[in-house]
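Notes for the one structure printed next.
Computed from the coordinates by the stated procedures, all read-outs in this text should not be read as laboratory data. The structure presented is a predicted model; accordingly, all values stated were derived computationally and were not measured. Note: ideal-geometry Cβ built from the backbone for every residue, glycine included; neighbour counts use all protein chains shown.
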Amino acid sequence: MKSKKKIIWYTLGIIIFCVIVGVVYSLFFMVEARELAKKSLSEVRQNFFIASDDLSNVSLSSGYREDPYAIDGVHNEMVPFGVIVFRTSLSNVSEPSYTMTVNENTYDGVMERNPYDNTFVADIESLVPDDATVTLTVSIEDDTYTFNFTNISKDWLIDCDQAFELGLESLDEYVQSLKKGNKFMGECYVKVVSDPNNLLNIYYWYVAIVDTEGNSHAVVIDSTSGEVLSQN
C-alpha cells in the first residue's frame, strides 16, 4: 500500500515539475513572434520634412536602416540616415549640389539622379531631430534655390512605432508563420509613401515584411487616422 502511495506521489511530483518547467520556459525562453519581428526591423523612417517653391519640391526623411541595405529577408546592423529627395520641373538638370543645415550641423555634396522617377537624392547619414531647424540650398549651374523645411510628421495622428504595431497586427498570420523557434525568418520596413509626384500632400505609413524566401506582405496605413487602407 505504501509502495502505491509512493508511486502516486512520485508521479504527481513529476507532473508538477514538468508543469513548472513548462511555465518557466514559456515565460523566459519562448519569444513572441511580434517581438522577434521588432528585432528584425531593417528600416524605419521616424520623421518626414517637406519644403517647396513654384518649380520644385523637396522632402527629407530620417531614421535608421540596415547596412548593408538589401531587401533579402535578412536583418543587418542599423545605421542612421537622412534622405533628401529633390523633385523639379527645371530642365537640363544633371548633378545639383546641395548644402543642408540641421540646427548647427552642415552637410553638403552632390545629388544623384534616381532613374526610376527622375528625382535627385542624397543621404546625409544622420538622424534629424523632430524639432530641428532645417534649411536646404540647391545649386544648379549659376542659380541657387533655398528651402526651409517643416516637419509634417509631428502632426500625424500616429507615429512610426504605432504604425509598426498596426502593421504587425494586420499581418499577424504572416508574422506567426515566420517564427522558427526563437528566430524570425524575415525583416521589416516602416516607410512613408505618397503619390508618385508628391503633389497631393497626402502621406501614408507603409509597413512591409519580406521573408528569406523572397515573399512579402505589406499594409498601407492612413497617417492621419490610423486606418489600414490596404493589405496584400
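Report whether or not SER89 is over 18 Å from LEU41 (Cβ atoms) and in contact with a strand residue (DSSP E or B) (Cβ under 8 Å, 6 or more places away or on another chain). Spelling it out, SER89 is indeed over 18 Å from LEU41 (Cβ atoms) and in contact with a strand residue (DSSP E or B) (Cβ under 8 Å, 6 or more places away or on another chain).
Rundown of residues vs (1) charged (D, E, K, R); (2) assigned to a helix (DSSP H, G or I); (3) surrounded by fewer than 19 Cβ atoms within 10 Å (Cβ to Cβ), yes/no style:
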site	(1), (2), (3)
ARG34	yes, yes, yes
ALA37	no, yes, no
ASN47	no, no, no
ILE50	no, no, no
ASP54	yes, no, yes
SER59	no, no, no
ALA70	no, no, yes
HIS75	no, no, yes
GLY82	no, no, no
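Considering only residues that are free of Cβ contacts under 8 Å to residues at least 40 places away in the same chain and touching a Phe, Trp or Tyr at 6+ places or on another chain (Cβ under 7 Å), which ones fall in the range 72-99? Within the range 72-99, MET78 is the sole residue that qualifies.
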